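Visitor: Below are the structure tokens for one structure; questions will follow.
The values are calculated or read from the model by the stated rules, or taken from the named source; none is laboratory data. All values derive from a computational prediction rather than experimental measurement. With ideal geometry, Cβ positions are generated from the backbone for all residues, glycine too; neighbour counts draw on all protein chains shown. Just the protein is used for accessible areas: all its heavy atoms, side chains included, with ligands, DNA and RNA removed. Shrake-Rupley method; radii C 1.70, N 1.55, O 1.52, S 1.80 Å.
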Amino acid sequence: MTLSELKKKYLDFFKSKEHAIVPSASLIPDNDPTALFINSGMHPLVPYLLGQPHPAGKRLADVQKCIRTGDIEDVGDNTHLTFFEMLGNWSLGDYFKKEAIEWSFEFLTGKEWLNIPISKLAVTVFEGEEGIPRDEFSAGVWEKLGMPKDSIFFMPREDNWWGPAGQTGPCGPDSEMFFVFDKPDCSPKCRPGCKCGKYVEIWNDVFMEFNKNAEGKYVPLVQQNIDTGMGVERTVVVLSGKNNVYEIDEFQAIFRKIEEISGKKYVDFQKSFRIIGDHIRSSTFILGDQKGISPSNVDQGYILRRLIRRASRHGKLLGITEPFLGRLAVIVIDLYSNDYAELKQNKDRVILELEKEEQKFLETLEKGLKEFEKLLKTGPEHTIDGKTAFDLFGTYGFPLEMTRELAMEKGMNVDETAFWEAYKAHQELSRAGAEQKFKGGLADHSEISTKYHTATHLLHKALRMTLGNHVEQRGSNITQERMRFDFSHPTKMTPDEIKKVEDIVNEAIKRDMPVSWKEMTVPEAKAEGAIGLFEEKYGNQVKVYTMGDFSKEICGGPHVEHTGTLGTFKIAKEEACSAGVRRIKAVLT
Ligand code: SER
């Protein structure tokens, strides 16, 4: 099975179920300031999932090009890619769970389709939680189709819930499908989600019936939608019995070319070959996109620059001294231009931009590496300070991740917080904002909000410890970039007080305290010494969140499970808000 065969089968199948085939959207999102790149099939369809009519109708299927750079450091292992294609079928308020599951089953097991034996499949469904019932319905549909009961697993939100793609938007419980490998040595408790490799997810049917709003509430959507996603590369690997994603023909073709240019063999330099192969594919697609991004120091351009320079550096490790990425891009374009006409149209531009960027980088790479060598004299276990890391970026064009990679190869660290401080001063961008953006991938956003939310509790307590028990929360506001916390206090905080508060919070983070909650009445909460807003609006029962022995506060949640995941807390600003109320802006890095 090849990528093209899988894509064709999938689209043919859904055409036979009266779906309109729609083209892939651009990799650059429209009207979504929270994301640099399209990261899933549903992402460009958000307005239609929210109820706007789609010109092609209520049943759609497509192959969407996607970029996820959140795990860029893992590229080179057996599974991670920064560019991938995702197959999807969509119901915009048309069919729902029953048909979606029946068609998934038919496509996976049907003789003329993927023809996977039922014994090689397992599925998961949502186990339910307060307010959202256990998905007995979907389990029932799977069972009726012939899935044995012991191949249907009920799983919690962390496994069986998808979305929203950003901080807000459509989302819902899902049912995931797994290819089952033989792993007789794993424990009897092994189930989907186990890392042993027995269960590999190949498809996800999301039952999108909620919209997460700005207050974090899940409100029913105006229509019930289906959003499904099947990763093309991964599914081909699984179905063709290959060991890893780089064994697909497309990567092999790129590797043959790298062997020809470098005179080195893939088997001897696997990691560098894989990084170059992955990064040239994503760079070619970004440069060749309808919206044509160029390398730069901000936003999508920075990600692109990072991809090109990292590929170029690994080329150097293979002994290549001339720009070579343009020659590889030609292969990528040839392989993909049948499906993506824009690549052919933008071919000259792609090659020119790659050559320009590589040339520029090669001019400074040598000197930059010499500068880096000097740092080695300070010995291993040395931390490269932020200014030096920023100079390597500013003067020699080393993206932070490259300095980190070089440092790690020598057993050294980089003070990344200080790097982002310097970057911020330079770019007039907030550090957390810049860093968050470059991490890419929308999935992080709700996670970062949750972290900030937990940090407000730690800050609240630290302020009371430092300034006194008159401190009470007056308001709070969280974005992906920072938290804002208003509290009662009559005077400006001194630098010492600010430092003390930061230290207390960071100490509380370091202690990695467990976070838990209990429901109780307001008088019980008061008796337990909980702080927080004891207002009527909470009703009779309130939730009390406890963080180790440090903080106890009335709150609706959500919070992280352990304080240790928050990172480093820093107060960016302390100012007057209104009479007797101060305002703190703080970041986690
Ligand atoms: N949105 C879901 C995913 O990305 C299904 O398409 O997995």
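Visitor: Give the residue, chosen from 116, 72, 28, that is under 22 Å from residue 236 (Cα atoms), under 28 Å from the mean Cα position of the chain (by Cα) and more than 16 Å from the ligand (Cβ to nearest atom). First the steps, then the outcome.
Guide: Working: 116 fails: under 28 Å from the mean Cα position of the chain (by Cα); 28 fails: under 22 Å from residue 236 (Cα atoms).
Exactly one residue qualifies, and that residue is 72.
Visitor: Return the residues of region 293-305 that are over 14 Å from residue 329 (Cβ atoms) and in a loop (DSSP other than H, G, I, E, B); say none if nothing qualifies.
Guide: Initial filter on region 293-305 (over 14 Å from residue 329 (Cβ atoms)): 293-294, 296-303, 305.
Matches in region 293-305: 293, 294, 296, 297, 298.
Visitor: Test each condition in (1) over 20 Å from residue 577 (Cβ atoms); (2) open to solvent by 70 Å² or more (accessible area, probe 1.4 Å); (3) free of Cβ contacts under 8 Å to residues at least 60 places away in the same chain for residue 558 and report the one that comes out false.
Guide: Checking residue 558 against (1) over 20 Å from residue 577 (Cβ atoms); (2) open to solvent by 70 Å² or more (accessible area, probe 1.4 Å); (3) free of Cβ contacts under 8 Å to residues at least 60 places away in the same chain, the one that fails is (3).
Visitor: Looking at region 43-58, which of the residues that are in a helix (DSSP H, G or I) and free of Cβ contacts under 8 Å to residues at least 40 places away in the same chain is most open to solvent (accessible area, probe 1.4 Å)?
Guide: Across region 43-58, the extreme among qualifying residues is 47.
Visitor: Can you name the residue in region 465-499 that is assigned to a helix (DSSP H, G or I) and hydrophobic (A, V, I, L, M, F, W, C) and, of all such residues, is surrounded by the fewest Cβ atoms within 10 Å (Cβ to Cβ)?
Guide: Only one residue tops the list, namely 465.
Visitor: Can you pull out every residue in region 203-224 that is within 16 Å of the ligand (Cβ to nearest atom) and open to solvent by less than 60 Å² (accessible area, probe 1.4 Å)?
Guide: Looking only at region 203-224, we keep the residues that are within 16 Å of the ligand (Cβ to nearest atom), and these are 203-212, 221, 224.
Of everything in region 203-224, those that are within 16 Å of the ligand (Cβ to nearest atom) and open to solvent by less than 60 Å² (accessible area, probe 1.4 Å) turn out to be 203, 204, 205, 206, 207, 208, 209, 210, 211, 212, 221.
Visitor: Still on this model: Among the residues that make up region 12-19, is at least one of them open to solvent by 20 Å² or more (accessible area, probe 1.4 Å), in contact with a Leu (Cβ under 7 Å, 6 or more places away or on another chain), of a type in the set (D, E, K, R) and more than 15 Å from the ligand (Cβ to nearest atom)? Can you show your working first?
Guide: Of all residues in region 12-19, those open to solvent by 20 Å² or more (accessible area, probe 1.4 Å) come to 12, 15-18.
From the residues that got through so far, the ones that are in contact with a Leu (Cβ under 7 Å, 6 or more places away or on another chain) too are none.
Checked against the condition, which is being open to solvent by 20 Å² or more (accessible area, probe 1.4 Å), in contact with a Leu (Cβ under 7 Å, 6 or more places away or on another chain), of a type in the set (D, E, K, R) and more than 15 Å from the ligand (Cβ to nearest atom), region 12-19 yields no hits at all.
Visitor: Restrict the check to region 157-169 and report whether at least one residue is open to solvent by 60 Å² or more (accessible area, probe 1.4 Å) and away from the ligand (no atom under 16 Å from the Cβ). Show your work before the answer.
Guide: From region 157-169, those open to solvent by 60 Å² or more (accessible area, probe 1.4 Å) are 157-158, 162, 168; that's our starting set.
With the extra rule that they be away from the ligand (no atom under 16 Å from the Cβ), the set shrinks to none.
Within region 157-169, none of the residues are open to solvent by 60 Å² or more (accessible area, probe 1.4 Å) and away from the ligand (no atom under 16 Å from the Cβ).
Visitor: Considering every residue within region 351-362, establish whether at least one is over 23 Å from residue 284 (Cα atoms), touching a Gly at 6+ places or on another chain (Cβ under 8 Å), open to solvent by less than 10 Å² (accessible area, probe 1.4 Å) and touching a residue at least 12 places away in the same chain (Cβ under 8 Å). Give the derivation first.
Guide: So in region 351-362, the residues over 23 Å from residue 284 (Cα atoms) come out as none.
For region 351-362, residues over 23 Å from residue 284 (Cα atoms), touching a Gly at 6+ places or on another chain (Cβ under 8 Å), open to solvent by less than 10 Å² (accessible area, probe 1.4 Å) and touching a residue at least 12 places away in the same chain (Cβ under 8 Å): absent.
Visitor: Does residue 132 satisfy being away from the ligand (no atom under 16 Å from the Cβ) and touching a helix residue (DSSP H, G or I) at 6+ places or on another chain (Cβ under 7 Å)? Don't jump to the end; show me each part of the working.
Guide: Working: away from the ligand (no atom under 16 Å from the Cβ): yes; touching a helix residue (DSSP H, G or I) at 6+ places or on another chain (Cβ under 7 Å): no.
No.
Visitor: Mind checking which residues of region 541-555 are charged (D, E, K, R) and open to solvent by less than 10 Å² (accessible area, probe 1.4 Å)?
Guide: Taking region 541-555 as the starting set, the residues that turn out to be charged (D, E, K, R) are 543, 549, 552-553.
Scanning region 541-555 gives a single hit, 553.
Visitor: Being out of contact with any strand residue (DSSP E or B) (no Cβ under 6 Å at 6 or more places or on another chain), assigned to a helix (DSSP H, G or I) and in contact (Cβ under 8 Å) with a residue 12 or more places away in the chain is the filter here, so list the residues in region 500-515 that pass it.
Guide: Within region 500-515, 500, 501, 504, 508, 509, 510 meet the criteria.
Visitor: Is it the case, given these coordinates, that residue 111 is under 26 Å from residue 60 (Cα atoms), surrounded by fewer than 22 Cβ atoms within 10 Å (Cβ to Cβ), within 16 Å of the ligand (Cβ to nearest atom) and at pLDDT 95 or above? Quick ask: steps written out before the conclusion?
Guide: Values: under 26 Å from residue 60 (Cα atoms): yes; surrounded by fewer than 22 Cβ atoms within 10 Å (Cβ to Cβ): yes; within 16 Å of the ligand (Cβ to nearest atom): no; at pLDDT 95 or above: yes.
It is false that residue 111 is under 26 Å from residue 60 (Cα atoms), surrounded by fewer than 22 Cβ atoms within 10 Å (Cβ to Cβ), within 16 Å of the ligand (Cβ to nearest atom) and at pLDDT 95 or above.
Visitor: Looking at region 68-91 only, could you name the residues that are polar (S, T, N, Q), modelled with pLDDT of 90 or more and either in a strand (DSSP E or B) or open to solvent by 10 Å² or more (accessible area, probe 1.4 Å) (or both)?
Guide: From region 68-91, those polar (S, T, N, Q) are 69, 78-79, 82, 89, 91; that's our starting set.
With the extra rule that they be modelled with pLDDT of 90 or more, the set shrinks to 82, 89, 91.
The answer is 89, 91.
Visitor: Are any of the residues in region 378-397 assigned to a loop (DSSP other than H, G, I, E, B), closer than 20 Å to residue 280 by Cβ and not aliphatic (A, V, I, L, M)? Write out each step before concluding.
Guide: Filtering region 378-397 for residues assigned to a loop (DSSP other than H, G, I, E, B) gives 378-382, 385, 397.
Still in the list and also closer than 20 Å to residue 280 by Cβ: 397.
Adding the requirement that they be not aliphatic (A, V, I, L, M) leaves 397.
The answer is yes; a qualifying residue exists.
Visitor: Based on what the data block shows, is residue 405 within 30 Å of the chain's Cα centre (by Cα) and surrounded by fewer than 20 Cβ atoms within 10 Å (Cβ to Cβ)? Break it down stepwise before answering.
Guide: Working: within 30 Å of the chain's Cα centre (by Cα): yes; surrounded by fewer than 20 Cβ atoms within 10 Å (Cβ to Cβ): yes.
So residue 405 fits the description; yes.
Visitor: Still on this structure, please answer the following. Of the residues that make up region 225-241, is at least one more than 12 Å from the ligand (Cβ to nearest atom) and in a strand (DSSP E or B)?
Guide: Pass one, region 225-241, residues more than 12 Å from the ligand (Cβ to nearest atom): 232-233, 235-241.
Right, trim to in a strand (DSSP E or B) and you get none.
Scanning region 225-241 turns up no residue that is more than 12 Å from the ligand (Cβ to nearest atom) and in a strand (DSSP E or B).
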